[in-house]
Amino acid sequence: MDTGTHVVMGIALGGLATLDPAVAASHAATTSVLIATIAGSQIPDIDTVLKLRNNAIYIRNHRGVTHSIPAVILWPLLIVAVIYPFFQGANLLHLWAWTFAAVFIHVFVDIFNAYGTQALRPFSSKWVALGVINTFDPIIFGIHVVGIFIWILGANPGYTFLIMYAVIIVYYLRRYQAKRRVLVEVRTLIPDATEIIIAPTMKFHQWRIAAMNKSMFFVGRSEDKKVEILDRFKRVPVPQTPLIEAAKKDDNISAFLSFSPVYRWEIDEFTDYYEVRFIDLRYRSNGHYPFVAVVQLDCNLNRITSYTGWVFSEKKLRKKLGIIPS
């Protein structure tokens, strides 16, 4: 989920914790748990700082080791070690338990996004992505905000957020059922599909679709229970040529290929350089595919410049590459 949603989730979990007698026993215990649940709801995303280096490192590592099983165990210990000296009147075991819950819930809800996490590391480096909830879901965020507002007005936070979480669980089940219906429709349209990726959007009844069979890529959307195929591309294997092999050695291209499960490629040859482009087919927006990886190589196949990330126009891409269009 996005940072704002994780913040309100941490606050809500701190309110829910007041149902625990050991937490409600003292102001120190209540305050320490609230601070810990907010921190625990944020700390797995500490790898966001990698964006300051470059997109390639960020794409390769975000939601990786910081969301792994060892991290879920270690983060609560680290947070408690920092917080407990300031609140020694708090129950240490219960402080740890609620902090662990915050960290675990952060990683757990991230699994439901299309981006997913490597939550099974070190046992598996596979990305676990159920694609049921958008990274920012206005309904989930809104329910949390309403719950927090009710708490501010004086309602019992424990029972308020207990009811809130029951509503959210029902919402998750509804989203899962909605995705299943879209999947059935896509299989009807493309009965020989070998892979189907259905990604949520911020709108409840709107989904992005990317699918493939042995010969074609299909890009579509589902809106108000109607599935529409918007684009079709012939599925052409990436050639095993010196140019492509040189392109794959670039960090931006390599990061993109490690992240994207369904993409097409293009090669453009100019007077004094080549341009290799990989285009993710999962994120079609207004007829444009904004998530790309591009590398330019000179005639000796040495890297000139490259970029991977989100660009919504060719002009902006050229700006990212730091060149003037030919």
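The values are calculated or read from the model by the stated rules, or taken from the named source; none is laboratory data. In this text, all values refer to a predicted model and were calculated from it rather than measured experimentally. Every residue, glycine among them, receives a Cβ derived from its backbone with ideal geometry; neighbour counts consider all protein chains shown. Note: areas computed on protein heavy atoms with side chains; ligands, DNA, RNA excluded. Shrake-Rupley method; radii C 1.70, N 1.55, O 1.52, S 1.80 Å.
Distance between the modelled labels on residue 126 and residue 57, one decimal in nanometres: 3.0 nm (7 Å Cα→Cβ projection). Restriction of the trypsin sites (Lys or Arg not before Pro) in the stretch 133-242 to DSSP coil positions whose beta-carbon has at most 16 other beta-carbons within 10 angstrom yields 203, 214, 225, 235.
Kirkwood Rh, Cα Rg: Rg to Rh for the stretch 219-260? Write down the numbers at each step before the final one.
Working: Rg = 15.9 Å, Rh = 13.1 Å.
Ratio of gyration radius to Kirkwood radius: 1.21.
Taking the square roots of 5 times each eigenvalue of the Cα gyration tensor of the stretch 152-237, largest first, gives ellipsoid semi-axes of 38, 11, 11 Å.
Using equal-weight Cα scatterers in the Debye expression, the normalised intensity of the chain in log10 at q = 0.08, 0.12 Å⁻¹ is -0.47, -0.92. By the equivalent-ellipsoid construction on the alpha carbon gyration tensor, the stretch 1-152 comes out with semi-axes of 27, 19, 13 Å, ordered largest to smallest.
Using 1/(1 + (r/R0)^6) with R0 = 35 angstrom and r between the beta carbons of residue 288 and residue 74, what's the FRET efficiency to the nearest 0.05? Each step should come with its number before you reach the end.
On the way: r = 41 Å, r/R0 = 1.18.
With R0 = 35 Å, the Cβ-Cβ based efficiency is 0.25.
Ellipticity at 222 nm from helices only: DSSP H runs of n ≥ 4 in the chain, each -39500 (n - 2.57), divided by the residue count, give -14000 deg cm²/dmol. Per-residue Karplus couplings for the stretch 164-172, computed as 6.51 cos²θ - 1.76 cosθ + 1.60 with θ equal to phi - 60°, are listed in order as 4, 5, 4, 5, 5, 4, 4, 4, 4 Hz, Gly and Pro entered as x.
Note that the stretch 123-136 has calculated 3J(HN,Hα) couplings of 6, 7, 8, 5, 7, 9, 9, 7, x, 9, 10, 5, 3, 10 Hz, one per residue in order, obtained from phi through the Karplus relation 6.51 cos²θ - 1.76 cosθ + 1.60 (θ = phi - 60°); glycine and proline are x.
At a 1.4 Å probe radius, which order do 60, 53, 303, 264 fall into by accessible area, largest first? Present the calculation step by step, with values, prior to reporting the outcome.
Working: 60 110, 53 170, 303 135, 264 60 Å².
Largest to smallest exposure gives the sequence 53, 303, 60, 264.
Just the number, please: carbon plus sulfur as a percent of the accessible area of the stretch 188-326, 1.4 Å probe, no ligands or DNA/RNA counted. The nonpolar share, carbon plus sulfur, comes to 50 percent. Computed over the stretch 1-59, the quotient of the alpha carbon radius of gyration and 2.2 N^0.38 Å is 1.45. Of the solvent-accessible surface of the stretch 1-100, computed with a 1.4 Å probe and all protein chains present, 73% belongs to carbon and sulfur. Close lysine pairs were tallied over the chain: pairs 8 or more places apart or on different chains with Cα atoms under 20 Å apart number 11.
Rolling a 1.4 Å probe over the heavy atoms of the protein chains gives the chain an accessible area of 51 Å² per residue.
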